[in-house]
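Worksheet for the structure shown next.
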Amino acid sequence: MHTMMHTIIKDPKLNGWEYGMLRSFERAIQDETAAVIEEIPEYFLGNKYIHHFGQGMTRGKYRKYFPRQPWAPQGDTAWYILMGPENYRLDLYKDWDRNLKTKILYLYDTFPSQYSLIKRLCSKGTWDILITSFNDAVDDLQKITGRQWHCIEQAADKHLFTSAAYDKKIIHFSSYGRRYSVLHEVVKEFCEKKGLYYDYTTHDGLHPVVDSSELYKQYAWHLKHSLFTFSWPVELTNPVRSGHLRPITCRWFEAMAAGTIILGKKPENDIFKNWLNEDLVTELDPTADKKSLLYTLDQIWESREKLYEKAQIISKKEPGISWNERVRKIISIIESSRKNKD
């Protein structure tokens with residue numbers, strides 16, 4: 001039982017498919033702490049002007065000249081969860097931290113291209129606890145900010161990502177997010193010849209007509225009912241963005257929790273086998289020629305029942321991959337931090 005009053009600083013402007021995992025994290029914080037939600041209010045100059053001066057943009061350096069709007073949320077412990085530092089909006093408000101005793105900032109993405117912005121936002125003593133989901137970025141972040149950073153890995157929503165029975169896996173192959181265009185066309189051809197269904201991302205997510213939680217719930221249903229899903233590490237699909245980092249993102253935890261067979265390549269990160277499972281991914285080379293890829297897909301399809309059973313065993317062996325478990329880890333960090341202060 002945690003008697004401290006917990007507050008989640010929520011930005012209602014963050015909407016779209018990619019923010020569904022953020023909302024799941026916030027719900028897990030509520031589950032574990034009975035936290036209240038404090039929504040960041042509409043900035044009084046409106047989005048008409050400020051969106052031209054976003055964090056990380058060339059004009060972002062002029063944000064410091066914008067008048068700061070008063071806003072003072074209440075709470076002993078405040079959580080601010082962001083996909084990346086570009087989402088940071090608290091610099092537009094004054095007194096937001098006046099009534100908050102312990103302040104936690106969690107960033108999913110801390111890529112090298114974001115380091116300069118992170119340095120500007122996190123070098124001061126505003127935040128008591130700084131957390132990244134990238135284990136191999138911790139040393140970099142500590143050097144550039146002069147502050148201690150923790151790594152708490154990403155996770156899956158335990159309510160949404162559960163395994164479906166073999167005969168309920170009605171989507172034969174799926175691909176959501178990053179993909180290889182040549183392989184994608186080969187998979188389409190393979191499924192058409194076999195009379196199989198291949199489900200894949202068909203929208204950019206920039207203009208959602210429902211909120212991020214609904215989008216995420218639909219994505220989870222599709223992944224849960226996929227027999228196979230393709231997943232690729234950032235360093236292969238976007239090496240410029242990943243730089244020297246080898247991120248382990250939500251998609252791996254989600255697919256494992258869903259008992260879905262993962263095809264692709266796992267990140268070149270030694271921690272992967274500790275957080276997930278060394279045998280989680282059935283690897284294939286997306287740059288192989290078409291004939292080889294068709295042959296590989298055929299072999300994989302013939303082994304589907306055996307691979308399904310393997311995915312189920314792995315899924316059941318790894319219970320600690322939920323956001324609730326991550327929140328409990330952070331609570332331990334909070335408690336340790338308070339003891340050190342005392």
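Values as computed for the structure displayed
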| read-out | value |
| --- | --- |
| Selection count, the range 209-231, where residues are among the aromatic types (Phe, Trp, Tyr) and either modelled with pLDDT under 95 or farther than 18 Å from residue 265 by Cβ (or both) | 3 |
| Unmet criterion (only one of (1) part of a loop (DSSP other than H, G, I, E, B); (2) touching a residue at least 24 places away in the same chain (Cβ under 8 Å)) for residue 31 | (1) |
| Lone qualifier among 278, 305 - being out of contact with any Pro (no Cβ under 8 Å at 6 or more places or on another chain) and modelled with pLDDT of 95 or more | 305 |
| Residue match in the range 9-22 (condition: free of Cβ contacts under 8 Å to residues at least 40 places away in the same chain and not charged (D, E, K, R)) | yes |
| All positions within the range 281-295 that are surrounded by 12 or more Cβ atoms within 10 Å (Cβ to Cβ) and in contact with a Lys or Arg (Cβ under 7 Å, 6 or more places away or on another chain) | 281 |
| Candidates 76, 31 - the one that is charged (D, E, K, R), touching a Leu at 6+ places or on another chain (Cβ under 9 Å) and under 29 Å from residue 328 (Cβ atoms) | 76 |
| Residue within the range 176-187 that is within 24 Å of residue 24 (Cα to Cα) and of a type outside the set (D, E, K, R) present | yes |
| Any hit, the range 73-82, residues being touching a residue at least 60 places away in the same chain (Cβ under 8 Å), under 24 Å from residue 250 (Cα atoms), in contact with a His (Cβ under 8 Å, 6 or more places away or on another chain) and part of a helix (DSSP H, G or I) | no |
| Pair list, Cβ < 8 Å and 6+ apart or interchain, from the range 108-128 residues that are within 14 Å of residue 138 (Cβ to Cβ) and not assigned by TED's automatic domain parsing to the domain that holds residue 253 to residues that are among the β-branched types (Val, Ile, Thr) and in a helix (DSSP H, G or I) | 110/118; 115/144; 118/144; 118/145; 122/145 |
| Which numbered condition residue 123 misses (of (1) modelled with pLDDT under 95; (2) over 30 Å from residue 240 (Cβ atoms)) | (2) |
| In the range 42-58, the residues that are in a helix (DSSP H, G or I) and surrounded by fewer than 10 Cβ atoms within 10 Å (Cβ to Cβ) | 48, 58 |
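Listed here are the residues, each with its yes/no results for (1) within 30 Å of residue 78 (Cα to Cα); (2) small (Gly, Ala, Ser).
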residue	(1), (2)
251	yes, no
267	no, no
292	no, yes
301	no, no
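The values are calculated or read from the model by the stated rules, or taken from the named source; none is laboratory data. What you are looking at is a predicted structure, and each value in this text was computed from that prediction instead of being measured. Reconstructed Cβ throughout: ideal geometry from the backbone, glycine too, with neighbour counts over all protein chains shown.
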